[in-house]
Structure formats: C-alpha cells, structure tokens
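One structure is given below, encoded as structure tokens.
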Amino acid sequence: MTGQPFGLSTIGQILVPVRDAEAAAAFYRDRLGMRFLFAYPGMAFLDADGVRLYLAEPEDPAFGGRATLYFRVPDIATAVEALEARGVGFTDRPHVVHRDDAHELWMAFTKDPDGNNIGLMSEVPLRPGASGS
C-alpha cells in the first residue's frame, strides 16, 4: 500500500431492487439501450459504461428495497481492515460469492447511516488448476 490513506472510489456495481428482474432487464436493455451482460433467475446484469447495473428481486429482507453500491478494491482484507480502523462495522465478513475458471469474486458488506448497503468487491485471479474447490 502507498503512503496515501485508504479510500473507496471506483464503483464496480450498483444494485437496483426490482419486482420482476426479467421485465426490468427488458426495459433497461430495449428502452434505455443499455448493453445486456447476463442473467440468473431473479437477477439481471447490464453494462453502464464499465459499471455493472445489477437488477435483482430481493431474496434477503435486509437488502430488500435498498440501494447497494459496490466498490471495487484490490485487496478486500486490507480494505476491511482500513475501514474498521475508522469505526466502520461490517454486517458480512469477506467471502467468496462467485467462482469461475479464472476468478473468485469476494465481497463484504456494511451500511451507510440511512441503511443503504455498501459492498466491497474484489476479483481475485485463480492460479491455474485452483478452480476445483
């Protein structure tokens, strides 16, 4: 880490809670002209000039009806440690939320004073042969 104090800056993803992810994705794709990336049941992802727009039917009441901003960080453990030193409490510890053949996606969550969700996200490249866990 450099001599600069740690701070969040790059938004990697924004969650927008929706009632119907498929209908919302069609609106953002077909009416607003955003580039569709991929979908899973109850969720869809679109590209907003390098920032993922995440449309989701909330599964967890703690996340329902709230915006979630996801900030990209290079090292999630270091980021959590720096923020905890400033008194930020985390509702979720760093954990893997997705794994493919090339990367693990790690996340940790906190909340702002109004209850909106703040996620830290870090894409960690896997070593060759390490994806079989």
**Message:** LEU37 - would you say it is open to solvent by 40 Å² or more (accessible area, probe 1.4 Å), touching a strand residue (DSSP E or B) at 6+ places or on another chain (Cβ under 7 Å), closer than 24 Å to VAL88 by Cβ and not hydroxyl-bearing (Ser, Thr, Tyr)?
**Reply:** no
**Prompt:** Regarding THR91, is this residue touching a strand residue (DSSP E or B) at 6+ places or on another chain (Cβ under 8 Å) and open to solvent by 50 Å² or more (accessible area, probe 1.4 Å)?
**Reply:** yes
**Asked** What residue, of ALA62, ALA82, ALA67, is at pLDDT 90 or above and surrounded by 12 or more Cβ atoms within 10 Å (Cβ to Cβ)?
**Response** ALA82
**Request:** Select, from VAL16, VAL73, the only residue that is open to solvent by less than 80 Å² (accessible area, probe 1.4 Å) and either in contact with a Phe, Trp or Tyr (Cβ under 6 Å, 6 or more places away or on another chain) or at pLDDT below 90 (or both).
**Result:** VAL16
**Complete:** In region 107-133, residues that are modelled with pLDDT of 90 or more and assigned to a loop (DSSP other than H, G, I, E, B) total 1
**Fill in**
Note: among GLU104, GLU57, just one is acidic (Asp, Glu), within 30 Å of PRO128 (Cβ to Cβ) and either crowded, with 16+ Cβ neighbours inside 10 Å or at pLDDT 95 or above (or both), namely GLU104
**Message:** Which of the strands (runs of 3 or more DSSP E) found entirely inside region 1-101 contain at least 3 residues meeting this: of a type in the set (A, V, I, L, M, F, W, C)?
**Reply:** 11-17, 35-40, 43-48, 51-56
**Message:** Any residue at all in region 59-66 that's under 13 Å from the mean Cα position of the chain (by Cα) and either acidic (Asp, Glu) or farther than 14 Å from GLU123 by Cβ (or both)?
**Reply:** yes
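The values are calculated or read from the model by the stated rules, or taken from the named source; none is laboratory data. Nothing here was measured: the structure is a model prediction, and the numbers come from that model. Counting neighbours? That spans all protein chains shown, and the Cβs are built from the backbone with ideal geometry, glycine included. Heads up: the accessible areas ignore ligands, DNA and RNA and are worked out on the full protein's heavy atoms, side chains in. Shrake-Rupley method; radii C 1.70, N 1.55, O 1.52, S 1.80 Å.
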